[in-house]
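The values are calculated or read from the model by the stated rules, or taken from the named source; none is laboratory data. Note that the coordinates shown come from a computational prediction; the quantities given were computed from them, not determined experimentally. Here the Cβ positions follow ideal geometry from the backbone for every residue, glycine too, while neighbour counts run over all protein chains shown.
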Amino acid sequence: MAGKTKISIDVSFNKSIQLKHVAGSALQKEKDGQKTKRTLGVTKPKVEFSQPVLHWDEVSDPINKTITLAIKEVTARVTFSARIWIDKRIDKKCECYAHVFDHEKRHAKIWQAGVKKYSSAIQKAVEDATLPKMDAPEEMKESKAKAFRTDAFKRIDIAFNEAVIKYGKKISAESKKIHTSSELKKTNNLCEEYLL
Ligand SMILES: [Zn+2]
């Protein structure tokens, strides 16, 4: 079949970060914070994705009742975003607040950079699962075509989901690297009164 299979996966990070001041009790349930006595802030990633859409190219042979199928294009979209929660007890004018907010913004920046870094890997995972491609179409009995299309969709959908989760976990791990002992010391010093 003419042309090349196109993989159009839109991977993006939403730069408008939602900031919320929440009760301390809500923060204590979060697991990703620094190892302080109390968690004062947290960055919560969110991921929204659309199911992939497969655009098929097909050629029918009505005499032999066969059909030749190939995938022309796969489109899908995934958007990562981050929400920052900060303990509402912290005075917004104090050094502790500036420190916690800055710390959380660093997490968000790592998410932003990570999404950019792994965008092509997510594309590649979808590309690898996309079969049959235009340069290698498959001919089958008409009666088999429906199941064949369903299987292809499932395979691509799973690959896309798994890639989003896999690279999301990688970014999450990279984000935790800012939890150094010196950072912890800084938090403990600047936020002493809120950690009791
Ligand atoms: Zn942190």
Taking LEU184 as the residue in question, decide whether it is assigned to a helix (DSSP H, G or I) and in contact (Cβ under 8 Å) with a residue 60 or more places away in the chain.
yes
Looking only at residues that are in a loop (DSSP other than H, G, I, E, B) and either modelled with pLDDT of 95 or more or surrounded by fewer than 13 Cβ atoms within 10 Å (Cβ to Cβ) (or both) in the stretch 1-14, which one is nearest to the ligand (Cβ to nearest atom)?
ASN14
Within the stretch 80-131, restricting to residues that are part of a strand (DSSP E or B) and among the small types (Gly, Ala, Ser), the one that is nearest to HIS21 (Cα to Cα) is ALA82
Only one of these conditions is not met by VAL11: (1) under 24 Å from HIS179 (Cα atoms); (2) under 21 Å from the mean Cα position of the chain (by Cα). Which number is it?
(1)
Examine the stretch 15-35 for a residue that is aliphatic (A, V, I, L, M), touching a residue at least 60 places away in the same chain (Cβ under 8 Å), away from the ligand (no atom under 16 Å from the Cβ) and surrounded by 12 or more Cβ atoms within 10 Å (Cβ to Cβ), and state whether such a residue exists.
no
Looking for something at pLDDT below 95, more than 16 Å from the ligand (Cβ to nearest atom) and either outside any helix (DSSP H, G or I) or of a type in the set (Gly, Ala, Ser) (or both) - is there at least one such residue anywhere in the stretch 39-50?
yes
From the list LYS170, LYS146, LYS177, LYS124, exactly one residue is exposed (fewer than 13 other Cβ atoms within 10 Å of the Cβ), modelled with pLDDT of 95 or more and away from the ligand (no atom under 15 Å from the Cβ). Which is it?
LYS146
Scan the stretch 180-196 residue by residue and report those that are within 13 Å of the ligand (Cβ to nearest atom) and either within 16 Å of LYS92 (Cα to Cα) or among the β-branched types (Val, Ile, Thr) (or both).
THR180, THR187, CYS191
Check off (1) touching a residue at least 12 places away in the same chain (Cβ under 8 Å); (2) under 29 Å from LEU27 (Cβ atoms); (3) small (Gly, Ala, Ser) for ALA145 and give me the number that stays unchecked.
(2)
So which of ALA76, ALA26, ALA82 is more than 17 Å from the chain's Cα centre (by Cα) and not acidic (Asp, Glu)?
ALA26
Consider the stretch 52-77. How many of its residues are of a type outside the set (A, V, I, L, M, F, W, C) and in contact with a Phe, Trp or Tyr (Cβ under 8 Å, 6 or more places away or on another chain)?
3
Matching residues, the stretch 89-133, being in contact (Cβ under 8 Å) with a residue 60 or more places away in the chain and either among the basic types (Lys, Arg) or at positive phi (or both)
ARG89, LYS105, ARG106, LYS116, LYS133
